[in-house]
């Protein structure tokens, strides 16, 4: 019983510090519009996926533009990341900020290079930023009905499974 209490207390403590202490590091790789790799002050390489947004995939319309935007925004720069959790693959999800305070997550939405996460409540800030970009026909919103990356990924997965048969 004492071992169980110790394990639970350790998990609770590590989760508390995990979500409350921002990571700091230099962006060394931009993988796509919403994934970066950083080198922390401790010399550790970490993969970070932006939380609350999803950019077009590489090979998808506006995927290269999202990659270029993210690269210009933060490649070779020091960033601070508020880690908010992990995705189902175990990749850290975070809100990425420059030292100036400017956020990559919101900037992608404002530029029309990402969709907001549909996990947020109806009137969340991210949805409002996406709506403004749509109204201005910025980035991917120049198309009336662009394909969201989660649909594109599913289509690509179905195509590759058909080619295996």
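Give the residue that is farthest from residue 66 (Cα to Cα), with candidates limited to residues of the range 133-156 that are in contact with a helix residue (DSSP H, G or I) (Cβ under 7 Å, 6 or more places away or on another chain) and in a helix (DSSP H, G or I).
At the first step, the residues of the range 133-156 found to be in contact with a helix residue (DSSP H, G or I) (Cβ under 7 Å, 6 or more places away or on another chain) are 133-134, 139, 141, 146.
Checking the rest, the ones that are also in a helix (DSSP H, G or I) come to 133-134, 139, 141.
On the way: 133: 14, 134: 16, 139: 9, 141: 13 Å.
Among those residues, the one meeting the criterion is 134.
For the range 91-113, which residues satisfy the criterion of being assigned to a loop (DSSP other than H, G, I, E, B) and either free of Cβ contacts under 8 Å to residues at least 12 places away in the same chain or surrounded by fewer than 16 Cβ atoms within 10 Å (Cβ to Cβ) (or both)? Steps first, answer last, please.
Of all residues in the range 91-113, those assigned to a loop (DSSP other than H, G, I, E, B) come to 91, 99-102, 111-113.
If the condition is that a residue be assigned to a loop (DSSP other than H, G, I, E, B) and either free of Cβ contacts under 8 Å to residues at least 12 places away in the same chain or surrounded by fewer than 16 Cβ atoms within 10 Å (Cβ to Cβ) (or both), then 91, 99, 100, 101, 102 are the ones that fit.
So, in the range 125-141, of the ones that are under 18 Å from residue 63 (Cβ atoms) and touching a residue at least 24 places away in the same chain (Cβ under 8 Å), which residue ends up surrounded by the most Cβ atoms within 10 Å (Cβ to Cβ)?
We begin by selecting, within the range 125-141, every residue under 18 Å from residue 63 (Cβ atoms); these are 130, 133, 138-141.
The next check asks that each one be touching a residue at least 24 places away in the same chain (Cβ under 8 Å); those that pass are 133, 138-141.
Working: 133: 22, 138: 15, 139: 23, 140: 25, 141: 21.
Among those residues, the one meeting the criterion is 140.
In the range 114-124, which residue that is in contact with a helix residue (DSSP H, G or I) (Cβ under 6 Å, 6 or more places away or on another chain) and surrounded by 15 or more Cβ atoms within 10 Å (Cβ to Cβ) is modelled with the lowest pLDDT?
Pass one, the range 114-124, residues in contact with a helix residue (DSSP H, G or I) (Cβ under 6 Å, 6 or more places away or on another chain): 114, 116, 120.
From the residues that got through so far, the ones that are surrounded by 15 or more Cβ atoms within 10 Å (Cβ to Cβ) too are 114, 116.
On the way: 114: 97, 116: 93.
Applying the filter and picking the extreme gives 116.
Identify, from the list 61, 80, 144, the residue that is under 18 Å from residue 28 (Cα atoms) and either loosely packed, with under 13 Cβ neighbours inside 10 Å or touching a residue at least 24 places away in the same chain (Cβ under 8 Å) (or both). Steps first, answer last, please.
Numbers: 61 fails: under 18 Å from residue 28 (Cα atoms); 144 fails: under 18 Å from residue 28 (Cα atoms).
That would be 80, the only listed residue that is under 18 Å from residue 28 (Cα atoms) and either loosely packed, with under 13 Cβ neighbours inside 10 Å or touching a residue at least 24 places away in the same chain (Cβ under 8 Å) (or both).
Which residue out of 9, 75, 3 is surrounded by fewer than 18 Cβ atoms within 10 Å (Cβ to Cβ), farther than 17 Å from residue 116 by Cα and at pLDDT 95 or above? Please lay out each step first, then the result.
On the way: 9 fails: at pLDDT 95 or above; 3 fails: at pLDDT 95 or above.
The conditions single out 75.
The values are calculated or read from the model by the stated rules, or taken from the named source; none is laboratory data. All values reported here derive from a predicted model rather than from experimental measurement. Cβ sites come from the backbone with ideal geometry, for glycine too, and all protein chains shown count toward neighbours.
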